[in-house]
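The values are calculated or read from the model by the stated rules, or taken from the named source; none is laboratory data. Computed from a predicted structure; not experimentally measured. For neighbour counting, all protein chains shown are included, and Cβ atoms are generated from backbone atoms with ideal geometry for every residue, glycine included.
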Amino acid sequence: MPKRILEGVVVSDKGDKTVIVKVERTFLHPLLKKTVRRSKKYHAHDESNAYQAGDVAKIVECAPKSKLKTWEVLPKASA
């Protein structure tokens, strides 16, 4: 089964080798037929501490690395 990839904004990089990524999704409300926005924060493993708060990051599922971390960030694309 393929691993899920999500994209979001890094809201915190205070932990060592850990970032918190806020992922926002939109969906149509089943009754009101109105677009609704929901967001969720994921703790992700950042081995090289490359991401800062405000960066856009892609995260991918992985085996649990700690109690909260079951995602890891994909390496930054070199510019």
| said: I need the full set of residues from the range 1-51 which are polar (S, T, N, Q), under 19 Å from LYS69 (Cβ atoms) and without any contact (Cβ under 8 Å) to a residue 40 or more places away in the chain, in order please. | reply: SER39, SER48, ASN49
| query | Can you name every residue in the range 25-79 that is within 15 Å of the chain's Cα centre (by Cα) and of a type in the set (Phe, Trp, Tyr)? | reply | TYR42, TYR51, TRP71
| Just a yes or no: is a residue in the range 53-70 on the phi > 0 side of the Ramachandran plot, in a loop (DSSP other than H, G, I, E, B) and of a type outside the set (Gly, Ala, Ser)? | no
| task | Filter the strands (runs of 3 or more DSSP E) completely within the range 1-45 down to those with at least 1 residues that are modelled with pLDDT under 95 and either surrounded by 15 or more Cβ atoms within 10 Å (Cβ to Cβ) or β-branched (Val, Ile, Thr) (or both). | result | none
